[in-house]
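Peer 1: Below: one structure in C-alpha cells.
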Amino acid sequence: MKWETEITNLLHIKYPIVQGGLAYLAYADLAAAVSNAGGLGQITAMSLDGPEALRAEIRKVKTLTDNPFGVNFAIGQHGRRFDHMVQVAIDEEIPVISVTGGNPKGVLDMVQDYPIKTLVLTAARRQAEKAEELGADAVMVVGHEGGGHLGRGDTGTFVLTPQVADSVSIPVIASGGIVDGQGMMAALALGAEGIEMGTRFIATKECVDAHPAYKQALVEADENATVVIKRSLGTPARALKNIWTDEILEIERQHGDYESLKAHISGEANKTYIHEGNAEKGFGWAGQGSGSIRDIPTVDELMHNIIDEAAAVRRKWS
C-alpha cells in the first residue's frame, strides 16, 4: 500500500512521518533509524556544543543511512545565535531543515539559494501564513496537546490543522497528540499531508540518550499525566507531571517571574531528568499523546505498527 503525499514527494521519503527535533535527545542514532524506516529523521542542532559538534553528528548520520534526514534549529533556545550552525548544514548539503521556537526569517534567508527544503513549526493560523510568505516549503502545526513549547492559545490539533490547511497553499504537517496510525489517518483526513511526532519517538530503543525512567514514565502515562508550565512567562510548554513540575507551578502561583523560575526551567534541569531520570530535580517534555504509548519498540517496529494501523483504517474506510 503506497503512502504518497505532497510531503513524501517534497522530502523524498516513503512515509509521511517526521520525527521532531527533541532537544538534548534527537541525535544520530535516532535520526538515522527514523530515516531508515521510511520517515524523516532529524538531529537537534542547538542542543550541541557548537558548529563542529553539529558537523560530526551530521557525518555520523550519513554513515548510518543513505536516506534523507533533517536538522532542526530551535532558534529560541537559550538565546543562542544560529548563523554559524546553519552554515554547517549548508556546507554539509543537508536536504531538509526545520525551524522551531522563534522567527524563522533569518534561517530561511540563509538557505534560500540552496536546494534545501524548509519546514517551519507554527502554533497558529497567522504564524503559518507568515511562514509561507517568508518562503517555507511546508509548515508543521502543533496543537495544544503537543509536548514541549506550544503556542499561547489553547487550540487543539483537531481544530488547528484544517484551519491552517485551508489558509495556506504549501503542505501542512500535523503535530501534537499523534502517536499512532489512527492519529496519522485523522491528520490526513483533516487536510494535512503528513505528521510530526516527538514524544512517541522518545519511547523507542534508538532514543539512546533518554533515561529508562523517562521512557517508562511515558509508557505508564495516562491522559492526565502532563501539565503546562511557564504560562506566567508567556511561553507555555507541556511536560510530564512530577515533583519538579509541581514546584514550578507553585512558584508560578506565588511569583510567576523569570528570576524565580529560571533554575527550575533551565536546560540543566531538563537534562537532569531526561538523561539521569531524577524526577525530584528535573522535568521532561511530553505531549498528551503519551497516554496512548504502551511499549518501547525499535523505531522500525514502531513505524511498521503505525503504517499497519493506518492501512487498517484505510481498508475500513473503503
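The values are calculated or read from the model by the stated rules, or taken from the named source; none is laboratory data. What you see is a predicted model; the values in this text were computed from it and never measured. When we count neighbours, we look across all protein chains shown, and the Cβ atoms used for this are built from the backbone with ideal geometry, even at glycine.
Peer 1: Return only the number of the condition from (1) in contact with a His (Cβ under 9 Å, 6 or more places away or on another chain); (2) on the phi > 0 side of the Ramachandran plot that Val228 does not satisfy.
Peer 2: Result: Val228 fails condition (2) only.
Peer 1: Which condition number does Thr235 fail, the rest of (1) at pLDDT 95 or above; (2) touching a strand residue (DSSP E or B) at 6+ places or on another chain (Cβ under 7 Å) being met?
Peer 2: The single condition Thr235 does not satisfy is (1).
Peer 1: Of all residues in segment 231-258, how many are closer than 17 Å to Tyr273 by Cβ and in contact (Cβ under 8 Å) with a residue 60 or more places away in the chain?
Peer 2: Qualifying residue count, segment 231-258: 3.
Conditions tested, residue by residue: (1) polar (S, T, N, Q); (2) over 17 Å from Ala23 (Cβ atoms); (3) outside any helix (DSSP H, G or I).
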site	(1), (2), (3)
Asp246	no, yes, no
Glu252	no, yes, no
Glu268	no, no, no
Tyr273	no, no, no
Glu280	no, yes, yes
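Peer 1: Let me ask you something else. Just give me the residues in segment 139-171 being part of a helix (DSSP H, G or I) and in contact with a helix residue (DSSP H, G or I) (Cβ under 7 Å, 6 or more places away or on another chain), in sequence order.
Peer 2: Within segment 139-171, Thr161, Gln163, Val164, Ser167 qualify.
Peer 1: State whether one or more residues within segment 31-40 are surrounded by fewer than 22 Cβ atoms within 10 Å (Cβ to Cβ) and of a type outside the set (Ser, Thr, Tyr).
Peer 2: Yes, some residue in segment 31-40 is surrounded by fewer than 22 Cβ atoms within 10 Å (Cβ to Cβ) and of a type outside the set (Ser, Thr, Tyr).
Peer 1: If you don't mind, there's one more thing I want to ask. Within segment 279-299, does at least one residue satisfy the condition of being out of contact with any strand residue (DSSP E or B) (no Cβ under 6 Å at 6 or more places or on another chain), within 20 Å of Ser175 (Cα to Cα) and hydroxyl-bearing (Ser, Thr, Tyr)?
Peer 2: Yes, there is a match, as at least one residue in segment 279-299 is out of contact with any strand residue (DSSP E or B) (no Cβ under 6 Å at 6 or more places or on another chain), within 20 Å of Ser175 (Cα to Cα) and hydroxyl-bearing (Ser, Thr, Tyr).
Peer 1: Closer than 16 Å to Leu22 by Cβ and buried (at least 24 other Cβ atoms within 10 Å of the Cβ) - does that describe any residue in segment 78-92?
Peer 2: No.
Peer 1: In the list Ala221, Ala237, Ala213, Ala217, which residue meets the criterion of being closer than 29 Å to Asp137 by Cβ, touching a Gly at 6+ places or on another chain (Cβ under 9 Å) and not assigned by TED's automatic domain parsing to the domain that holds Gly146?
Peer 2: Only one candidate passes the filter, namely Ala237.
Peer 1: Output the helices (runs of 4 or more DSSP H) that fall wholly within segment 175-223 and possess 2 or more residues being surrounded by fewer than 17 Cβ atoms within 10 Å (Cβ to Cβ), or say none.
Peer 2: Helices (runs of 4 or more DSSP H) meeting the threshold: 181-189, 212-220.
Peer 1: Got at least one residue in segment 71-79 being of a type outside the set (Val, Ile, Thr) and more than 18 Å from the chain's Cα centre (by Cα)?
Peer 2: Looking for residues that are of a type outside the set (Val, Ile, Thr) and more than 18 Å from the chain's Cα centre (by Cα), one finds at least one in segment 71-79, hence yes.
Peer 1: Inside segment 139-181, can you point out the residues that are in contact with a Lys or Arg (Cβ under 9 Å, 6 or more places away or on another chain), aliphatic (A, V, I, L, M) and within 12 Å of Ile195 (Cβ to Cβ)?
Peer 2: Within segment 139-181, Val141, Ile178, Val179 meet the criteria.
Condition check ((1) aliphatic (A, V, I, L, M); (2) more than 25 Å from Gly156 (Cα to Cα); (3) at pLDDT 95 or above) across all residues:
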| site | (1), (2), (3) |
| --- | --- |
| Glu259 | no, yes, no |
| His275 | no, yes, yes |
| Ile296 | yes, yes, yes |
| Val299 | yes, yes, yes |
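Peer 1: Please state which of the following conditions Thr235 fails to meet, knowing it meets all the rest: (1) assigned to a loop (DSSP other than H, G, I, E, B); (2) touching a Pro at 6+ places or on another chain (Cβ under 6 Å).
Peer 2: The single condition Thr235 does not satisfy is (2).
Peer 1: Hey, another quick one. Could we say that Gly291 is closer than 18 Å to Val219 by Cβ, assigned to a helix (DSSP H, G or I) and not acidic (Asp, Glu) here?
Peer 2: Judged against the criteria, Gly291 is a match.
Peer 1: Within the set of pairs 6+ apart or on separate chains, which have a first residue in segment 50-73 that is more than 15 Å from Gly39 (Cα to Cα), a second that is assigned to a loop (DSSP other than H, G, I, E, B) and not small (Gly, Ala, Ser), and C-beta atoms under 7 Å apart?
Peer 2: Every condition considered, the pairs that remain are Leu54/Leu48; Arg55/Glu92; Glu57/Tyr27; Glu57/Leu48; Ile58/Glu92; Ile58/Ile94; Phe73/Met46; Phe73/Phe82.
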